[in-house]
Amino acid sequence: MLTSTPNALSTRLRIAIVGAGYVATHHVAALKQLDFVDVVGICDSNLAAAQALAARFGVPRTAASLAELADAQPQAVYVLTPPSSHPAIALAALDMGCHVLVEKPMADSVADCEAMIAKAQARGLLLGVNHSDLFDPVLMQALQAVRDGRIGEVLSVDVTRNSEYPPYAGGPLPASVTQGSYPFRDLGVHGLYTIEAFLGAVERLDVSFQSRGADPNLHFDEWQAQARTAKGVGRLLLSWNARPMENRVFVRGTRGTIEVDRFLQTCRIHRVLPGPKFIGIVANAWISAAKDVFRIPWNVARFATGLLQPSPGIRRGAQAFAEAVRNGGAPPFGGDDALRIAKLLEPACAEPDRQRLAQLESRCAELPPADVLVTGAAGFLGRKLVARLRGEGRSVRVLVRRPVADYADDAGIQTVVGDLGDPRIVAHAVHGTGAVYHVGAAMRGSVRDFEAGTVWGTRNVVEACLASGTRRLVYVSSMSVYDHAGRDPAAAMNETSAFEPHPEWRGAYTRTKLEAERCVRDAIDRHGLPAVILRPGQIFGPGAEKVTPNGVIALAGRWIAVGSGTQALPLVYVDDVVDALLQAETAAQAGGHTFNIVDTAVGTQEAYLQHAQHKLGSELKRLRVPAWTFMLLGFGVETLGRLLKRDVPLTRYRVRSLRPLANFDTRAARERLGWTPRVGAARGLEETFG
């Protein structure tokens with residue numbers, strides 16, 4: 001399909017979007033504001049994401065690839081995918097006869113940038129790159145002040161930016177994890193073209209990088225760069241650790257300074273004032289402070305009411321390219337602008353990329369066989385299990401996100417460092433082990449954390465066990481998979497009790513644990529996976545004294561107990577859970593079955609809290625509130641969430657689900673698993689709290 005030349009375009013401009021992530025939301029929102037644009041389709045390899053974005057903005061078509069949208073006859077294509085995929089998609093779009101806008105950076109290599117430029121020139125089509133920071137209103141204000149000579153000749157520019165990335169959500173490792181240079185490729189490009197906008201072309205770039213190790217999936221998380229130009233020096237500081245968050249540009253000139261705060265959307269200009277130096281400094285400070293008293297609340301109000309849109313530079317860049325296509329003009333930033341930055345980035349990124357790749361490959365070095373693999377070995381239960389296995393003289397392999405110091409000096413423990421969401425590292429960890437204890441799961445964090453650690457992690461473990469012929473998989477599920485809100489309090493609880501009917505209402509932990517357990521069950525039923533599923537009650541023991549019991553919420557430094565203190569708790573002491581894990585590995589009758597692991601001796605919530613108070617003393621501040629109070633609070637938070645159209649952490653359904661489970665029938669564990677509590681909850685409370 002070939003489009004006409006820009007000057008011969010119809011009155012409507014047909015645009016297709018490739019990529020349905022965060023950036024795409026801003027592009028589509030901006031394009032929908034243009035009365036001459038039709039967004040004809042959105043494509044993404046994650047078709048569900050494309051469908052969700054299309055439904056949100058009323059886009060008629062979705063597809064898994066750009067080729068599937070060819071019959072929609074787009075005249076321009078916006079490529080909003082990870083940089084490594086830009087060249088292939090952009091070249092395909094140009095071959096379709098479409099003008100192309102790509103998000104920064106244009107590509108990962110100079111050669112790919114040159115190929116894209118050559119193709120666009122050969123086809124007579126526009127190729128634009130969205131250098132969106134230069135469209136930010138306050139940065140545009142600063143650039144205009146420089147052009148107007150308000151601070152004299154520019155001498156230096158400092159760009160400071162802190163950031164955080166969405167957690168890795170599982171699956172084959174993306175470039176953001178495998179590329180050591182990814183943070184600099186992603187945000188350093190903004191800093192470089194901003195420096196060039198004030199000082200001219202960069203002639204020399206010196207870059208340094210460090211790893212603080214806060215996020216195992218983001219290796220080099222501190223970056224510094226110095227860019228020399230003919231007019232002055234630019235400095236760039238990027239951090240994924242420093243807080244509070246900053247996004248600032250500081251411009252120094254011979255007659256003044258400019259400070260841009262892109263989060264607060266303020267541009268402060270300090271000029272040399274007549275009179276004594278000190279008076280001028282004070283006057284500038286007073287003037288800026290007086291302005292901030294009004295402009296910061298005004299900007300907050302504009303943002304809250306939608307008058308100031310998030311990421312305004314991204315949106316304006318998207319619109320500017322569409323206007324260039326319609327009018328037959330040059331894009332604001334073309335391929336040559338991006339190529340110049342790519343030539344700076346490529347040599348600076350080579351060494352961190354090499355180091356990161358070498359590190360990842362070293363994690364998959366061949367290992368001698370081990371008796372068992374334990375995932376989640378850095379957690380409370382995982383550590384107790386590893387200690388028991390080593391006490392029995394068994395060789396243990398552990399899969400952890402970070403090395404555990406306690407395991408480093410034990411020759412009987414092999415450590416594999418990696419993420420449960422990564423299929424390759426999980427297959428490596430499982431290979432060569434006789435049995436697998438899958439204890440690991442996400443316990444906190446965002447939805448993406450739970451997807452990676454719980455759903456992807458379990459899927460990866462199951463597939464690796466099937467491929468490796470694992471003798472036995474012992475999977476640790478959770479009581480959260482049961483229906484808490486709708487159960488009959490008087491009815492007995494056993495392994496066939498009803499599952500949670502609305503896991504999406506309960507939250508990411510319940511939803512992903514239920515999905516993960518079903519993954520294991522499906523592999524047992526369909527593929528004969530030799531697995532045992534355990535659903536422990538509330539695990540407690542020394543080291544977990546500060547973990548709230550069921551029906552209690554930790555909030556603002558207090559334990560808030562909801563409802564009656566006479567509620568029974570489904571307690572189980574940690575050593576008893578380890579007993580059940582070991583028996584699940586060896587019990588012949590246990591294969592393919594699910595077991596509740598809980599002490600049937602009734603212990604109340606108030607009794608547990610009194611034990612904890614005895615141990616923790618004044619450190620534990622607790623408050624008991626009636627259930628109806630939290631129900632009212634849940635109603636209020638729900639209402640606010642509907643008004644703001646956002647998910648909220650507290651709802652009436654979640655309050656109803658706080659009721660602990662009770663009345664357990666554990667005959668299955670006794671008869672098939674051969675398990676009864678050896679220590680028991682009563683003695684365990686004494687061991688834990690004294």
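Charges were assigned to the Cβ only: +1 to each Lys and Arg, -1 to each Asp and Glu. The resulting dipole of the chain about its Cα centre is roughly 1700 debye.
Which whole-angstrom value gives the distance between the alpha carbon centres of segment 371-448 and segment 326-344? After rounding, the separation between the Cα centres reads 49 Å. Across the chain, Cα-Cα pairs farther apart than 35 Å form 55% of the total. From helices alone, the chain scores -12000 deg cm²/dmol at 222 nm; the rule is -39500 (n - 2.57) for each run of n ≥ 4 DSSP H residues, then divide by the residue total. Applying the criteria of a DSSP loop state and at most 16 other Cβ atoms within 10 Å to the chymotrypsin sites (Phe, Trp or Tyr not before Pro) of segment 12-65 yields 36.
Across 5 Å bins from the origin, how do the percents of Cα pairs in segment 76-224 run, short distances first? With a bin width of 5 Å, the distribution comes to 2, 8, 15, 17, 17, 16, 13, 9, 3, 1, 0.
On a 0 to 90 degree scale, rounded to 10, what angle separates helix 605-616 from the longest Cα axis of the chain? Long axis of 605-616 versus the principal axis of the chain: about 70 degrees. Counting 0.36 nm for each residue step from residue 286 to residue 665 and taking away their Cα separation leaves a gain of 129.2 nm.
Relative to one another, the C-alpha centroids of segment 171-205 and segment 65-96 are positioned 23 Å apart. Taking 7 Å steps out from each Cα toward its Cβ at residue 141 and residue 444 produces label points 3.8 nm apart. Computed over segment 365-689, the P(r) tail beyond 34 angstrom holds 23 percent of alpha carbon pairs. Sparse packing (at most 11 other Cβ atoms within 10 Å of the Cβ) combined with a DSSP loop state is found for the following trypsin sites (Lys or Arg not before Pro) in segment 557-665: 645, 646. Please name whichever of 502, 577, 432 sits farthest to the positive end of the charge dipole of segment 365-689, dipole taken about the Cα centre and charges placed at Cβ: Lys and Arg +1, Asp and Glu -1. Toward the positive end, the furthest listed residue is 502. For residue 371 and residue 635, the difference between the fully extended length at 0.36 nm per residue and the C-alpha to C-alpha distance is 89.9 nm. Between the beta carbons of residue 165 and residue 504, assuming R0 = 30 Å, the FRET efficiency works out to 0.75 to the nearest 0.05.
For segment 560-656, the alpha carbon convex hull comes to 165 Å³ per residue, rounded to a whole number. Placing unit charges on the Cβ atoms only, positive for Lys and Arg and negative for Asp and Glu, gives segment 415-470 a dipole magnitude near 40 debye about its Cα centre. On full extension, the segment bounded by residue 645 and residue 243 gains 141.9 nm, given 0.36 nm per residue less the C-alpha separation.
In this label model, residue 604 and residue 392 are separated by 3.9 nm, measuring between points 7 Å along each Cα→Cβ vector. In a DSSP loop and with at most 14 other Cβ atoms within 10 Å, there are no GluC sites (Glu not before Pro) in segment 241-330. On the beta carbon distance between residue 68 and residue 304, with R0 = 41 Å, the FRET formula returns roughly 0.55. Separation of segment 108-130 and segment 512-575, taken as the distance between their Cα centroids, equals 54 angstrom.
FYI, it's all coordinate maths here, none of it is from the lab. All values derive from a computational prediction rather than experimental measurement. Here Cβ is always computed from backbone atoms with ideal geometry, including for glycine, and neighbour counts include all displayed protein chains.
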